[in-house]
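Read through the structure below, which is laid out as structure tokens, and then see the notes.
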Amino acid sequence: MDAAEYELEELPVVLSASYARGQDVYWGLTTGEVLRVADDDPNGPRVSLGSPLDGGPRLLFASTHGTVFASADRHSLYRTTDNATWAASLDVPIWRMDEDDEGNLYAGSYTKDPRHVATLYKSTDDGASWNEIFRDPTNDHVHTVRWDSAGQRLYIAFGDGRWPRHLTRGEAYSDDRGATFHDLARGPRQGDTDVAFTDDYVIWCSDDQSGRVFRVRRTDGAIETVFGDSQFVWFGVAAGQQIYAGTMSSRKFGGERAALLASDDQGQTWRKLLETSPSAGPYDRGFYAESRELSAGGWLYCTARDDPPRSFRVRHVPSSSVAQRRVTEAQP
């Protein structure tokens, strides 16, 4: 492992979900309680927002208006507008959601039953009501939804089709805030679980057995795989030049160590910051509960599914010599 130029801190709690919006960081505990902490002092005072679920949430999200959302597998999406009283907002489980620069919210269903299919919902009133804007009956759920402010584009990934299984997974985008969608790709190698954005690239992460991360150059659409044929890649979080990717064990016979990977040059080179103990089977080791955005201090919050599970925060802190070299290289 190589954590040079990175700060790593273990948190005093185990997170089942987290979300960062500026200085406010939201922690979902395995008990179901949701806490708000300050990014510059996570060990300081904590504000309890109550317990909307009977177990740890899988999703936490806070809108720019201060409304907080929580959901878990087989649970509805709940919201609180007063940081205390929770009410059902949408009657399906949600894994990931996002907000565009006009305050519209987007939430993707995450269901695994014969009654539901992959569906994306949009809210123009901070989650008080929702409208269906995308539906794919050949797939079970939406893996991710992200708004790209630089490209003014909404991206989604959907997957786990019914039959033939995995053949209709895919990605799509909308340039009109969900009014219409256009497929990017479909097929057995399109099992993307997340998308993130750097200055120059759109970054895709996959769990389609290839474990690849690939980037699409904004200027000309050129595609490059930056690593692949490894593990499931569970999440991608990026900003500027920085990318974090969390992997999940995938080999059915076990023996894998999942990792938290980082790149400070938009995916050109990578470092392994953290690693779990060897897995005993699929999905029993990995990194998840990521904060979806970097906090005001540049921190990513996440959990290592290990024995025992542990939660961390990490940020890139370049050395003075590296920082000076990059300033010099940037000069004309």
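The values are calculated or read from the model by the stated rules, or taken from the named source; none is laboratory data. If you're wondering where the values come from, they're calculated on a predicted model, not measured in any experiment. Counting neighbours? That spans all protein chains shown, and the Cβs are built from the backbone with ideal geometry, glycine included.
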Inset, instruction - Look through GLY108, GLY127 and report the one residue that is assigned to a loop (DSSP other than H, G, I, E, B), out of contact with any Gly (no Cβ under 7 Å at 6 or more places or on another chain) and not β-branched (Val, Ile, Thr). - result: GLY127
Legend entry - segment 14-47, residues that are under 21 Å from TRP234 (Cβ atoms) and assigned to a loop (DSSP other than H, G, I, E, B): VAL14, THR30
Legend entry - Boolean, GLY211 is in a loop (DSSP other than H, G, I, E, B) and surrounded by 14 or more Cβ atoms within 10 Å (Cβ to Cβ): yes
Inset, instruction - Go through THR64, THR31 for me and flag whichever is surrounded by fewer than 21 Cβ atoms within 10 Å (Cβ to Cβ) and either closer than 30 Å to ARG177 by Cβ or among the aliphatic types (A, V, I, L, M) (or both). - result: THR64
Inset, instruction - Could you list, in sequence order, all residues of segment 98-123 that are more than 23 Å from ASP160 (Cβ to Cβ), in contact with a strand residue (DSSP E or B) (Cβ under 8 Å, 6 or more places away or on another chain) and not charged (D, E, K, R)? - result: ASN104, LEU105, SER123
Inset, instruction - Go over the candidates ALA196, ALA245 one by one and state the one that is assigned to a strand (DSSP E or B), of a type in the set (Gly, Ala, Ser), out of contact with any Cys (no Cβ under 7 Å at 6 or more places or on another chain) and within 26 Å of GLN152 (Cα to Cα). - result: ALA196
Legend entry - Whichever residue in segment 144-175 is out of contact with any His (no Cβ under 9 Å at 6 or more places or on another chain), of a type in the set (Lys, Arg) and assigned to a loop (DSSP other than H, G, I, E, B) and, among such residues, is modelled with the lowest pLDDT: ARG165
Inset, instruction - Taking the options GLY103, GLY50, GLY55, GLY44, name whichever one is of a type in the set (Gly, Ala, Ser) and under 25 Å from GLU171 (Cβ atoms). - result: GLY103
Legend entry - From LEU35, LEU60, LEU15, residue being closer than 22 Å to LYS112 by Cα, of a type in the set (A, V, I, L, M, F, W, C), touching a strand residue (DSSP E or B) at 6+ places or on another chain (Cβ under 9 Å) and at pLDDT 95 or above: LEU60
Legend entry - Index of the failed condition, ILE203 passing every other in (1) among the hydrophobic types (A, V, I, L, M, F, W, C); (2) surrounded by 13 or more Cβ atoms within 10 Å (Cβ to Cβ); (3) free of Cβ contacts under 8 Å to residues at least 60 places away in the same chain: (3)
Inset, instruction - Taking ASP73 as the residue in question, decide whether it is farther than 17 Å from GLU132 by Cα, among the acidic types (Asp, Glu), assigned to a loop (DSSP other than H, G, I, E, B) and over 19 Å from the mean Cα position of the chain (by Cα). - result: no
Inset, instruction - Could you tell me whether segment 127-136 includes any residue that is acidic (Asp, Glu), crowded, with 18+ Cβ neighbours inside 10 Å, on the phi < 0 side of the Ramachandran plot and in contact with a strand residue (DSSP E or B) (Cβ under 8 Å, 6 or more places away or on another chain)? - result: yes
Inset, instruction - Can you tell me which residue within segment 223-245, out of those that are at pLDDT below 95 and small (Gly, Ala, Ser), is surrounded by the most Cβ atoms within 10 Å (Cβ to Cβ)? - result: SER230
Inset, instruction - Of the conditions (1) part of a loop (DSSP other than H, G, I, E, B); (2) modelled with pLDDT of 95 or more; (3) closer than 22 Å to GLY159 by Cβ, GLY50 clears all except one; give me its number. - result: (3)
Inset, instruction - Could you check how many residues of segment 184-194 are at pLDDT 85 or above and surrounded by fewer than 17 Cβ atoms within 10 Å (Cβ to Cβ)? - result: 1
Inset, instruction - Out of PHE181, PHE197, report the one residue that is modelled with pLDDT of 90 or more, among the aromatic types (Phe, Trp, Tyr) and over 20 Å from the mean Cα position of the chain (by Cα). - result: PHE181
